[in-house]
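The values are calculated or read from the model by the stated rules, or taken from the named source; none is laboratory data. Just so you know, these numbers come straight off a predicted model, no measurement behind them. Note that we place each Cβ from the backbone using ideal geometry, even for glycine, and neighbour counts take in every protein chain shown.
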Amino acid sequence: MSGNMNLTLKVWRQKNDKTRGKFITYQANGISPDMSFLEMLDVVNEGLVRKGEDPIHFDHDCREGICGMCSLHINGRPHGPKQGTTTCQLHMRSFHDGQTIVIEPWRAAAFPVIKDLAVDRTAFDRIQQAGGYVNVNTGGVPDANGIPIPKVVADEAFESATCIGCGACVAACKNASAMLFVSAKISQYALLPQGQTERYSRAQAMVAQMDTEGFGSCTNTGACEAECPVGIKLTNIARMNREYLTAKLFKEEEAH
Amino acid sequence: MLDSKVPAGPLAEKWSKHKFNLKLVNPANKRKYTIIVVGTGLAGSSAAASLAELGYNVKAFCYQDSPRRAHSIAAQGGINAAKNYQNDGDSVFRLFYDTIKGGDYRAREANVHRLAEVSVNIIDQCVAQGVPFAREYGGLLDNRSFGGAQVSRTFYARGQTGQQLLLGAYSALNRQINNGKVKMYNRHEMLDLVTIDGHARGIITRNMVTGAIESHEGHAVLLCTGGYGNVFFLSTNAMGCNVTAAWRAHKRGAFFGNPCYTQIHPTCIPVTGDHQSKLTLMSESLRNDGRVWVPKTVELAQKLRKGELKISDIKEADRDYYLERKYPSFGNLVPRDVASRNAKEVVDEGRGVGASGIAVFLDFEDAIKRLGEDAVRAKYGNLFDMYYQITDENPYKQPMRIYPAVHYTMGGLWVDYNLMTTVPGLYALGECNFSDHGANRLGASALMQGLADGYFVIPYTVGDYLAGLGFDPVDKNHPNFEKTRKQVEDNVHKLLSLKGSKTVDDIHKKLGHIMWEYCGMARNEAGLIKAKGLIQALKKEFWSDVTVLGENEEMNQSLEKAGRVADFLELGELMVDDALNRRESCGGHFREESQTDEGEAKRDDENFRYVAAWEYQGEDQPETLHKEALEFENVKLTQRSYK
Ligand SMILES: Cc1cc2nc3c(=O)[nH]c(=O)nc-3n(C[C@H](O)[C@H](O)[C@H](O)COP(=O)(O)OP(=O)(O)OC[C@H]3O[C@@H](n4cnc5c(N)ncnc54)[C@H](O)[C@@H]3O)c2cc1C
Ligand code: SF4
Ligand code: FES
């Protein structure tokens, strides 16, 4: 083993969405501060497999903080104690020897547990399917430099577009609201010229789907912004509310 | 003999002529066809969306919980296109030329030229979708330069180009899911291909939540399943990247092209210990402003490693900027294979840095002096943050430590000009095919290829095949569906019956070591022969002494891993065979027996100017080699030089 930290883990284990889960305690010994949090769990899992016990299931893929697949509520915080990081980019140097770490899945009615720490986030996909796009077909589009976009506008749209769809905002919110996630996509298009033609119908369709999925309402506590690993800002929510209100007041053709 | 189906005529006219000659499916008839798309990265999402727009019914599959998480999301640096917006002399021909040369003259001319032609459409398409590329103050698109090119043709979105391009393609896919033209299957893994009368007619998948093993029928199957770099265990690929879909198709008759061509990327964060699960790339764009160096002497390097000297103690004159010294015209921007081999060389000499000595410096001190810290932050901020996050070292204050890591696989399923494999009706797009990058891929060209294949090539070529089929639905009661499904089920149960003493990761790590040691940055005959024996023994160990826990009827990550590693073991052996066969050096394939006096890769055009396409012959049988001769009518073959 490559390190000298010894930790106690309290991990949520749940066979599937039909059974009830519970916390099980594990020891993680010989952990190096250079390991990522998920590598620490790999070490624990290798140990479990060697003992013939089912490894702890969790979602992950890129391990670079970009795919949004990893999740985990760590000591009460989505993606753990460090600001602006995903779980896969969290390193064990953020913990200390002898510490107890409580690991839970995202908790939200719209994100049912699949197994252990893995949850079903397809509600997010369905919201995007409802309107998170520009209606253009492949081919026959204008030259990319045909419409200049001021750098400040492009940069702001980019900031909104960096949402990785992890769901930490929902997990952080006491109402399990998805407003930060939805507003990030709506903002990206509301800012760019390409998004203008369907600006209001998009906002309506995405918000309607968000409500259908059973996400809670927003009471402006700002917990989502504080836990978002890529720093999506609350101003997106304000923009979305504006878009949505305009959409309700006017029909698309009148709003323009 | 393999028929590449490259159309006749002058290079620049081939694609337009071919498009005209391809058979069309009448708009009203398109809805009579179902196309299966496996994978939702840049290649798969763009293909699925574009085909659905045309009216085909599409079923799309991915193993992640959402199509947006395909590994393309992780690409950092950028995407090439011959727009010549910078007026610096770029053109379709120059992009074609750079790609052919960068690939060390082991790619097909016609494919590469087509790629360069459609590259300009890709950027237009992405912008129309709302992809927020970087812009200049005037509001026009910004460009940067990348390894292996002397013009600025790379479009980017900070250090997250892949993410933004994939979210664009994902949005187009979502639109078609909403329209009911694409049915999306998340958390489904393709485990086999179903053929009827030799034609691809469907796939078998495992639902990764319930374990259900199901068949899906379609008139054509598109594999867009990415690369197989994880055969090395450690790579910059996502943890789930695998060869399974491609490998099982290979076993059903699809030839595998150039399996030994692997790209080892020069700028990755070095390994810290054996707990390491993956390696992190630092985008090559960093080489635009970062300078690569190691101490001039072994003594200085030793002192640095032991902490007797600080980095700042090493005087300018004692620093060896070896790339700038050896390659004055390309400097730090030499292609990846050249940069990687040179890093290995200085480390092997004992001049490596960092505690392990297996790293070189990538230094931004000059860039920060020249441009200011803010400008450097604006360009590379998220990469610097990521480096800091992982290493706990601040790259604004001290140079990064980097070392090469496995990154990309140029090899893949052999396809003809239409992107069809040797199984009629089975296509391969994106990184999972072999076609456009020869023996070495240039930076920012994989994103380009994935989107070219999906948006602009397959929508034309697949129609030509379908138009010859008639309109009958695929017979889902054909016995081959049940037969193949049963085989998959038996294989799953065989894996679940393994109750030995090793974990799947134990075997995977061992395989990775063998591949890295003998089939990595440098290869030689004796080593390769040794590797072959080691892999065969490891395969036996896997099937006799590994343990796979749990049941099929649940989410079972042990089972998923075991299936993938079983395939990697077989692929590993084929890679070694291919590397043994190719007794020349070219691009990322460096055979120590074949080098120039200066230690550069030496091709043998007379004997090896061909694509090696391997045909599966059955369990533990040697595969048969087929050759596709490469003709170069538009470029002159020269020894690559970046001096
Ligand atoms: C860290 C990193 C940085 C990179 N940066 C750049 C860059 O700056 N510029 C550039 O041009 N290239 C870059 N590349 C290379 C480039 O990102 C990839 O080659 C490219 O994105 C591959 O796209 P793809 O669509 O072929 O496959 P992928 O994006 O890998 O997608 C594969 C898809 O197949 C699915 N899949 C795989 N197996 C199965 C199965 N058995 N069953 C069902 N589904 C399956 C997956 O779920 C996924 O949806 C980078 C690569 C890495 C690793
Ligand atoms: S807004 Fe932030 S926390 Fe929410 S899904 Fe996007 S990246 Fe995750
Ligand atoms: S695993 Fe991809 S963001 Fe964490």
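Data for the structure
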{"quantity": "Condition met for A:E225 (part of a helix (DSSP H, G or I), farther than 18 Å from A:Y244 by Cα and either within 11 Å of chain B (Cβ to nearest Cβ) or within 16 Å of ligand 1 (Cβ to nearest atom) (or both))", "calculated": "no"}
{"quantity": "Unique match (being in contact with a Leu (Cβ under 8 Å, 6 or more places away or on another chain), among the small types (G, A, S) and within 16 Å of ligand 2 (Cβ to nearest atom)) among A:S71, A:S36", "calculated": "A:S71"}
{"quantity": "From the options B:T272, B:T244, B:T262, residue that is of a type in the set (V, I, T) and near ligand 1 (Cβ under 8 Å from one of its atoms)", "calculated": "B:T244"}
{"quantity": "Subset tally (residues that are surrounded by fewer than 20 Cβ atoms within 10 Å (Cβ to Cβ), in a helix (DSSP H, G or I) and not charged (D, E, K, R)) for segment B:539-591", "calculated": "4"}
{"quantity": "Residue in segment A:33-53 that is in contact (Cβ under 8 Å) with a residue 40 or more places away in the chain, in a strand (DSSP E or B) and buried (at least 22 other Cβ atoms within 10 Å of the Cβ) present", "calculated": "yes"}
{"quantity": "Verdict on A:S71 being more than 15 Å from ligand 3 (Cβ to nearest atom) and either surrounded by fewer than 15 Cβ atoms within 10 Å (Cβ to Cβ) or in contact (Cβ under 8 Å) with a residue 24 or more places away in the chain (or both)", "calculated": "no"}
{"quantity": "Residue match in segment A:172-188 (condition: out of contact with any Lys or Arg (no Cβ under 9 Å at 6 or more places or on another chain), among the polar types (S, T, N, Q), within 12 Å of ligand 2 (Cβ to nearest atom) and outside any helix (DSSP H, G or I))", "calculated": "yes"}
{"quantity": "Candidate set: segment A:176-190, residues that are away from every other protein chain (no Cβ under 14 Å) and under 15 Å from A:T162 (Cβ atoms); chosen: the one surrounded by the fewest Cβ atoms within 10 Å (Cβ to Cβ)", "calculated": "A:L180"}
{"quantity": "Residues (aliphatic (A, V, I, L, M) and either touching a Leu at 6+ places or on another chain (Cβ under 6 Å) or within 16 Å of ligand 3 (Cβ to nearest atom) (or both)) located in segment B:70-114", "calculated": "B:A70, B:I73, B:A74, B:A75, B:I79, B:A82"}
{"quantity": "Hits in segment B:26-71 (condition: buried (at least 22 other Cβ atoms within 10 Å of the Cβ) and assigned to a loop (DSSP other than H, G, I, E, B))", "calculated": "B:Y33, B:G39, B:T40, B:G41, B:Y56, B:C62, B:Y63, B:Q64, B:D65, B:A70"}
{"quantity": "A:I164 crowded, with 20+ Cβ neighbours inside 10 Å, within 16 Å of ligand 1 (Cβ to nearest atom) and more than 7 Å from chain B (Cβ to nearest Cβ)", "calculated": "yes"}
{"quantity": "Filter result for A:D125 (part of a helix (DSSP H, G or I) and either facing chain B (nearest Cβ under 8 Å) or among the aromatic types (F, W, Y) (or both))", "calculated": "yes"}
{"quantity": "Residue in segment B:317-332 that is within 26 Å of A:D34 (Cβ to Cβ), assigned by TED's automatic domain parsing to the domain that holds B:R377 and of a type in the set (A, V, I, L, M) present", "calculated": "no"}
{"quantity": "Enumeration of residues in segment B:606-623 that are touching a residue at least 40 places away in the same chain (Cβ under 8 Å) and touching a strand residue (DSSP E or B) at 6+ places or on another chain (Cβ under 9 Å)", "calculated": "B:R609, B:V611, B:A612, B:A613, B:W614, B:E615, B:Y616, B:E623"}
{"quantity": "Whichever residue in segment B:281-301 is of a type outside the set (D, E) and either within 16 Å of ligand 2 (Cβ to nearest atom) or surrounded by fewer than 21 Cβ atoms within 10 Å (Cβ to Cβ) (or both) and, among such residues, is nearest to B:T161 (Cα to Cα)", "calculated": "B:N288"}
{"quantity": "Selection within segment B:347-396 - of a type in the set (V, I, T) and over 19 Å from B:V294 (Cβ atoms)", "calculated": "B:I368, B:V376, B:I390"}
{"quantity": "Residue list for segment B:244-267, filter: among the polar types (S, T, N, Q) and part of a loop (DSSP other than H, G, I, E, B)", "calculated": "B:N258"}
{"quantity": "Pair list, Cβ under 6 Å, 6 or more apart: segment B:70-97 residue touching a residue at least 12 places away in the same chain (Cβ under 8 Å), other residue charged (D, E, K, R)", "calculated": "B:A74/A:E64; B:G77/B:E284; B:N80/B:R153; B:A82/B:D90; B:N84/B:D90; B:D90/B:R153; B:V92/B:E117"}
{"quantity": "Only listed residue being within 7 Å of another protein chain (Cβ to nearest Cβ) and either out of contact with any helix residue (DSSP H, G or I) (no Cβ under 6 Å at 6 or more places or on another chain) or at pLDDT below 95 (or both), chosen from A:A154, A:A144", "calculated": "A:A154"}
{"quantity": "Scan of segment B:292-321 for residues that are among the β-branched types (V, I, T) and farther than 16 Å from B:L362 by Cα, ordered by number", "calculated": "B:T297, B:V298"}
{"quantity": "Subset tally (residues that are under 22 Å from B:A172 (Cβ atoms), in a helix (DSSP H, G or I) and hydrophobic (A, V, I, L, M, F, W, C)) for segment A:156-171", "calculated": "3"}
{"quantity": "Some residue of segment B:177-195 being touching a helix residue (DSSP H, G or I) at 6+ places or on another chain (Cβ under 8 Å) and farther than 20 Å from B:L223 by Cα", "calculated": "yes"}
{"quantity": "Which numbered condition A:I114 fails, given (1) out of contact with any helix residue (DSSP H, G or I) (no Cβ under 9 Å at 6 or more places or on another chain); (2) of a type in the set (A, V, I, L, M); (3) assigned to a strand (DSSP E or B); (4) more than 8 Å from every other protein chain (Cβ to nearest Cβ)", "calculated": "(4)"}
{"quantity": "Yes/no for B:P424 being outside any helix (DSSP H, G or I), surrounded by 24 or more Cβ atoms within 10 Å (Cβ to Cβ) and away from ligand 1 (no atom under 15 Å from the Cβ)", "calculated": "no"}
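For (1) modelled with pLDDT of 95 or more; (2) outside the structural domain of A:K174 (by TED's automatic domain parsing); (3) within 16 Å of ligand 1 (Cβ to nearest atom); (4) among the aromatic types (F, W, Y), each residue gets a yes or a no:
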| position | (1), (2), (3), (4) |
| --- | --- |
| A:W12 | yes, yes, no, yes |
| A:F23 | yes, yes, no, yes |
| A:I31 | yes, yes, no, no |
| A:S36 | yes, yes, yes, no |
| A:V44 | yes, yes, no, no |
| A:C67 | yes, yes, yes, no |
| A:C70 | yes, yes, yes, no |
| A:H73 | yes, yes, no, no |
| A:T86 | yes, yes, yes, no |
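Yes/no matrix, rows are residues, columns are (1) on the phi > 0 side of the Ramachandran plot; (2) more than 16 Å from ligand 2 (Cβ to nearest atom); (3) crowded, with 24+ Cβ neighbours inside 10 Å; (4) over 15 Å from the mean Cα position of the chain (by Cα):
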residue: B:G198; (1), (2), (3), (4): yes, yes, no, yes
residue: B:R201; (1), (2), (3), (4): no, yes, yes, yes
residue: B:A212; (1), (2), (3), (4): no, yes, no, yes
residue: B:L222; (1), (2), (3), (4): no, yes, yes, yes
residue: B:G229; (1), (2), (3), (4): no, yes, yes, no
residue: B:N237; (1), (2), (3), (4): no, yes, yes, no
residue: B:A246; (1), (2), (3), (4): no, yes, yes, no
residue: B:K251; (1), (2), (3), (4): no, yes, no, yes
